[in-house]
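Taking it in order: structure first as structure tokens, then the write-up.
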Amino acid sequence: MATLQKIRDKGTMLVIVIGLALLAFVLGDLFTSGTTLFGKARDKAFVVNGEVISTQQYADKITEFEEFQKMISGQSSLDENTSSQIREAVYQQMIRQRLLDDQTKELGLTVTKAELNDLVHGDYISPVLQQLPFFVDPQTGMFSRNALVDFLNTINISNPGPQEEALINQYKSLWLFIEEMVRTQRLEEKYISLLSNAVIVNDQEAKTTFDLSQQNADVAYAMQSYFAIADSAVTVTDKEIQEYYNKHKASLKLEAPLVKLSYFTKEIVPSSEDFADVEAESRKAFTELQNASNPMSVVADYSDTPYRDVFLSEYMLTPSQIEFVRNASINEMAGPSREGNAYQIIKLIDKTVAPDSVRLRVMAIPDASMVGQDSIITNFVDSIYGLLKTGTAFADVANSLNPNSNGGEIGWAREIDLVQMGSNLVQAAFNTPVGQPVKLTIPGQQLILQVEERTKPVSKYKVALINMPVVASEKTSNNIDNELNQFVSASDVETKFNELAAEKGYMVMPNVTVSANDFSLYQIPGTRQIITWAANEKNRGAVKKFDLTNLRIIARVEQVIPAGTTPLSEVSSSIRMMLVNEKKAEKIISDLKAKNFTSLDEYATAMNSTTDTVRFVNFTTRNITGLGIEPVFNAVSASAPLNKVVGPLKGNMGVYVTQVVNRTEGSESYDAETQKMSMSNDNAYRLQMQSIEVLKDKLGVEDNRFRFF
């Protein structure tokens with residue numbers, strides 16, 4: 001009975017404990033399962049108009065683009081810069097496509113299968129296909145319909161062999177990717193066409209714009225730059241900055257957070273001990289090379305560059321090497337000597353006087369052993385050689401075998417350029433009389449070559465060169481890492497980062513501001529990881545060490561500014577500068593007007609300036625030579641009276657006083673349709689650039705890539 005009573009007394013508490021345990025179990029499963037709703041809700045690379053694009057979708061599309069880039073470039077791998085550009089291009093493309101699909105669906109715009117087929121097979125091939133290198137004639141550089149047809153025939157081969165099937169599948173995937181690009185481009189073209197046709201260019205607008213474009217003026221001017229006046233000459237209050245900020249908030253948007261961090265770098269460089277070790281090793285290499293009858297194996301054992309059994313001209317040697325070979329005897333050696341971060345040993349093997357380069361023509365025929373038809377190949381090569389011996393031009397024979405061979409011309413070559421094809425070829429190229437054909441056999445091929453021309457003889461040298469670079473040893477790297485690990489582990493490193501770094505002699509880059517989506521930190525390769533860490537670090541003041549290939553970076557998070565409206569603190573200085581310039585303009589203009597000058601030279605003297613002239617400026621000129629974008633000159637060129645001083649006028653760079661000294665009419669004839677078409681094309685281009693930005697603002701884009709990439 002006593003036990004039962006205790007249970008009754010504790011009953012309420014037991015219910016609470018059991019309830020909490022069950023809740024923890026459920027929430028634990030919810031938070032840890034990768035397939036739960038919560039996990040999916042967090043997996044947002046970015047959101048477009050409410051549609052969530054997961055990290056996997058984004059990564060898959062990046063992979064598609066990377067594979068596409070590899071295929072069109074012929075590269076097997078991409079560098080960091082190219083990969084970063086692809087990631088950004090994929091992001092922009094996926095946004096454009098979703099915004100475009102949303103709008104075109106509402107408008108009923110589509111690209112039918114018939115249209116798509118016409119863009120591939122019809123009279124007007126898609127611009128996308130015309131620009132791809134797969135479908136360009138290498139001889140003309142122009143689009144080749146035959147190349148496109150051959151590609152499509154390849155992917156439609158029925159019953160391919162095992163080896164062909166893998167390639168065909170790869171091409172099919174590529175074609176699906178290209179086809180989607182064609183569809184998207186055509187859909188966007190329709191959408192932009194619809195928008196641009198809603199902006200009509202009327203007759204009056206077309207004629208006025210044309211007339212203004214034909215009034216070219218030479219404008220003399222004097223300018224007083226805003227930089228010529230101290231900022232203290234005018235006053236900009238915090239209230240004025242706040243008012244400007246409040247009025248222009250809509251244009252001060254951040255698509256991604258801003259990250260502020262401080263950091264210093266420590267390069268992993270060889271220590272004095274590392275240099276001593278390599279120097280000792282180089283002395284061993286010297287002795288072995290001195291005693292070696294064949295330098296190839298010794299060079300291979302010690303040098304980072306292989307031995308080349310060829311003669312080199314002096315221009316291929318360094319100044320110190322030239323000085324040595326000119327005066328050295330055969331088999332004489334020099335070194336080991338330190339050259340930058342390496343030790344070098346040189347041995348003169350031989351010297352001669354011979355041409356530096358030869359100009360060759362070559363025909364290559366697959367070797368008989370490659371195709372199993374010895375007698376046929378041998379007879380074929382002999383027949384070609386016989387034709388050449390009887391006087392038939394080498395270029396004519398080469399072109400008859402391969403019309404794209406340029407007569408077998410391979411251009412100028414040095415010994416070092418030819419050595420990979422064998423010493424026999426080098427010997428033939430540099431010793432066979434000019435114009436005499438010669439037969440050679442190299443692995444996999446039979447060659448017929450003919451020397452067309454040689455340069456004049458020069459001094460050439462055959463050398464064995466051992467180059468032993470000094471790199472940081474593991475011990476050196478560990479010592480640097482230990483030192484930096486101790487720095488990061490200091491109890492007060494977060495609060496005294498700058499002071500502790502200064503004590504150790506490190507130079508801190510303070511308060512560096514980057515976007516959370518920037519590719520790198522000050523273009524240092526491999527530093528995207530630092531930005532990702534800082535953007536997601538919740539502890540302000542956190543310090544972390546990052547290991548790059550030959551560099552260590554210690555970074556401290558100063559601040560992370562969320563996406564959205566840029567805080568006043570981040571733009572106040574630029575707003576202040578703009579308002580300062582506006583007030584400087586007001587002051588300069590007021591002071592100059594009070595002097596009642598009548599000539600441009602008087603204004604120039606008062607402005608501590610000189611007069612200059614810009615020529616052929618009209619109302620539509622977008623960039624003024626030497627000045628950039630200055631709309632005041634466009635207005636003056638069109639409307640100011642001839643030879644009359646106009647100003648002072650506020651410009652972007654300073655205050656101007658102007659005078660039109662000459663105005664001429666263009667000789668072009670007005671064609672209304674041509675002018676309207678030109679202006680409509682300009683409108684279409686602007687709408688194409690601006691429409692996506694407007695849609696992004698209206699429909700909403702949330703960029704979370706910095707959390708994952």
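Take the residue pairs LYS61/LYS172; LYS105/LYS696; LYS284/LYS504; LYS113/LYS172; LYS105/LYS207 and return only those whose Cα atoms are more than 27 Å apart. Walk me through the numbers on the way to the answer.
Working: LYS61/LYS172 16 Å; LYS105/LYS696 17 Å; LYS284/LYS504 38 Å; LYS113/LYS172 18 Å; LYS105/LYS207 37 Å.
Pairs exceeding the cut-off: LYS284/LYS504; LYS105/LYS207.
I want to make sure I understand the PRE zone here: with the label point 7 angstrom from the Cα of GLU88 toward its beta carbon, which residues in the stretch 495-525 have backbone N atoms less than 20 Å away?
Label zone hits: 512-525.
Taking a spot 7 Å from the Cα of ALA354 along the direction of its beta carbon, which residues of the stretch 306-335 have an amide N less than 15 Å from it?
308-314
How many nm separate the modelled label positions at ASP601 and THR664, each set 7 Å beyond the Cα in the direction of the Cβ?
Going from the ASP601 label point to the THR664 one covers 2.6 nm.
Along the Cα→Cβ direction, 7 angstrom out, place labels at ILE200 and GLU288. What is the inter-label distance in nm?
8.7
Kindly provide the pair-distance distribution of the stretch 48-197 built from C-alpha pairs, with 5 Å bins from 0 and whole-percent values in order of increasing distance.
Reading the bins upward from 0: 1, 8, 14, 18, 19, 18, 13, 7, 2, 0, 0.
Per residue of the stretch 623-633, what does 6.51 cos²θ - 1.76 cosθ + 1.60 with θ = phi - 60° give for ³J(HN,Hα)? Whole Hz please, x for Gly and Pro, Karplus curve as stated.
Values, residue by residue: 9, 8, 4, x, 10, x, 8, 9, x, 4, 6 Hz.
Send over the semi-axes of the chain's equivalent ellipsoid, whole angstrom and largest first, taken as the square roots of 5 times the C-alpha gyration tensor eigenvalues. Walk me through the numbers before you get to the answer.
Numbers: eigenvalues 644, 421, 302 Å².
Its equivalent ellipsoid spans semi-axes of 57, 46, 39 Å.
Grab the beta carbon distance between MET677 and SER173, set R0 = 41 Å, and tell me the FRET efficiency rounded to 0.05.
Working: r = 40 Å, r/R0 = 0.98.
The pair MET677/SER173 has a calculated efficiency of 0.55.
For the stretch 537-644, which chymotrypsin sites (Phe, Trp or Tyr not before Pro) pass both filters: DSSP loop (anything but H, G, I, E, B) and at most 10 other C-beta atoms within 10 Å?
Values: sites: PHE546, PHE597, TYR603, PHE616, PHE619, PHE633; in loops: PHE597, PHE619.
Sparse-neighbourhood loop chymotrypsin sites (Phe, Trp or Tyr not before Pro): none present.
When you count, for each residue, the other Cβ atoms within 10 Å and take the mean per peptide, how do 695-701, 283-289 rank with the highest first? Could you put the intermediate results ahead of the total?
Values: 695-701: 14.6, 283-289: 16.3.
Answer by packing, highest mean first, reads 283-289, 695-701.
Largest first and to the nearest Å, give the Cα extent of the stretch 357-454 along each principal axis.
35, 27, 24
Could you tell me the relative contact order of the chain? Use alpha-carbon pairs under 8 Å, at least six residues apart, and round to a whole percent.
Values: 943 pairs, mean separation 167.6, N = 709.
In percent, rounded to a whole number, it is 24.
State the extension gain, in nm to one decimal, for the chain segment bounded by GLN529 and ILE72, taking 0.36 nm per residue of separation less the distance between their alpha-carbons.
Details: separation 457, 0.36 × 457 = 164.52 nm, distance 2.89 nm.
Taking GLN529 through ILE72 to full extension adds about 161.6 nm, to one decimal.
Using alpha-carbon positions, what is the distance between the centroids of the stretch 552-590 and the stretch 275-352, in Å?
So the separation of the two Cα centres works out to 59 Å.
Could you give the length gained on full extension between LYS389 and ASN117, defined as 0.36 nm per residue of separation minus the Cα-Cα distance, in nm?
On the way: separation 272, 0.36 × 272 = 97.92 nm, distance 5.48 nm.
Gain on stretching LYS389 to ASN117: 92.4 nm.
First measure r as the distance between the Cβ atoms of LYS698 and GLU570, then evaluate 1/(1 + (r/R0)^6) with R0 = 30 Å and state the FRET efficiency to the nearest 0.05. Mind dumping the intermediate values first?
Numbers: r = 25 Å, r/R0 = 0.83.
In this case the efficiency is close to 0.75.
In deg cm²/dmol, rounded to 500, what helix-only [θ] at 222 nm does the chain give when every DSSP H run of at least 4 residues adds -39500 (n - 2.57) and the total is split over its residues? Don't skip to the answer; put the middle values down first.
Details: 25 runs with 347 residues, N = 709.
Computed ellipticity for the chain at 222 nm equals -16000 deg cm²/dmol.
Which percent of Cα pairs goes in each bin when the distances of the stretch 399-516 are cut into 5 angstrom slices starting at zero?
Per 5 Å bin, starting at zero, the Cα-Cα P(r) for the stretch 399-516 comes out as 2, 7, 11, 12, 9, 6, 4, 4, 3, 5, 7, 9, 9, 7, 4, 1, 0 percent.
Using the Cα centre of the chain as the reference point, and only Cβ charges (+1 on K/R, -1 on D/E), how large is the resulting charge dipole? Debye, rounded to the nearest 20. Write down the numbers at each step before the final one.
Numbers: 68 positive and 87 negative charges, 327 e Å.
With only Lys, Arg, Asp and Glu charged at Cβ, the dipole is about 1560 debye.
Under 4 °C and 1.567 mPa s, how fast does the stretch 467-512 diffuse according to Stokes-Einstein, given a Kirkwood radius computed over C-alpha pairs? Answer in µm²/s, whole number.
Working: Rh = 12.5 Å.
Rounded, D is 104 µm²/s.
Of ALA398, GLY444, THR432, which is farthest along the charge dipole of the stretch 357-454 in the positive direction, counting Lys and Arg as +1 and Asp and Glu as -1 at C-beta?
Final value for the positive-end residue is THR432.
Considering only Cα-Cα distances, which of the following residue pairs are longer than 23 Å: LYS190/LYS676; LYS190/LYS698; LYS239/LYS587; LYS650/LYS676?
Working: LYS190/LYS676 19 Å; LYS190/LYS698 21 Å; LYS239/LYS587 20 Å; LYS650/LYS676 33 Å.
Exceeds cut-off: LYS650/LYS676.
When only alpha-carbon atoms count, how far does the stretch 410-470 stretch along each of its three principal axes, as whole angstroms with the largest first?
47, 33, 17
Can you give the Rg to Rh ratio for the stretch 272-354, taking only C-alpha atoms and Rh from Kirkwood?
Working: Rg = 13.0 Å, Rh = 13.6 Å.
Rounded to two decimals, Rg over Rh is 0.96.
Wrap a convex hull around the Cα atoms of the stretch 191-274, take a quarter of its surface area, and give that in square nanometres.
Details: hull surface 70.9 nm².
For the Cα atoms of the stretch 191-274, the hull's average projected area reads 17.7 nm².
Please work out how much length the chain gains when fully extended from ASN498 to LEU107, using 0.36 nm per residue of separation minus the C-alpha to C-alpha distance, in nm with one decimal. Kindly include the intermediate steps, with their values, before the conclusion.
Working: separation 391, 0.36 × 391 = 140.76 nm, distance 5.83 nm.
Once the chain is fully extended between ASN498 and LEU107, it gains 134.9 nm.
Assuming R0 = 25 Å, what is the FRET efficiency of LYS247 and MET577, from their Cβ-Cβ distance, to the nearest 0.05?
Values: r = 17 Å, r/R0 = 0.68.
It comes to 0.90.
Give me the mean projected area, in nm² to one decimal, of the convex hull enclosing the Cα positions of the stretch 569-709.
Numbers: hull surface 57.4 nm².
Averaged projected hull area, Cα only: 14.3 nm².
List residues of the stretch 590-609, by number, whose backbone nitrogen lies under 13 Å from a label position 7 Å along Cα→C-beta of ALA233.
590-593, 606-609, by backbone N distance to the label point.
Would you mind computing Rg(Cα) / (2.2 N^0.38 Å) for the stretch 198-326, counting N as its residues? Mind dumping the intermediate values first?
On the way: Rg = 35.6 Å, N = 129, 2.2 N^0.38 = 13.9 Å.
Taking the Cα Rg and dividing by 2.2 N^0.38 Å, one obtains 2.55.
How many nm is it between the label spots at ASN327 and ILE410, if each spot is 7 Å from the Cα in line with the beta carbon?
Those two pseudo-labels are separated by 3.9 nm.
Bear in mind these aren't lab numbers, they're just calculated from the coordinates by the rules spelled out. Nothing here was measured: the structure is a model prediction, and the numbers come from that model. Positions of Cβ are backbone-derived with ideal geometry, glycine not excepted, and every protein chain shown enters the neighbour counts.
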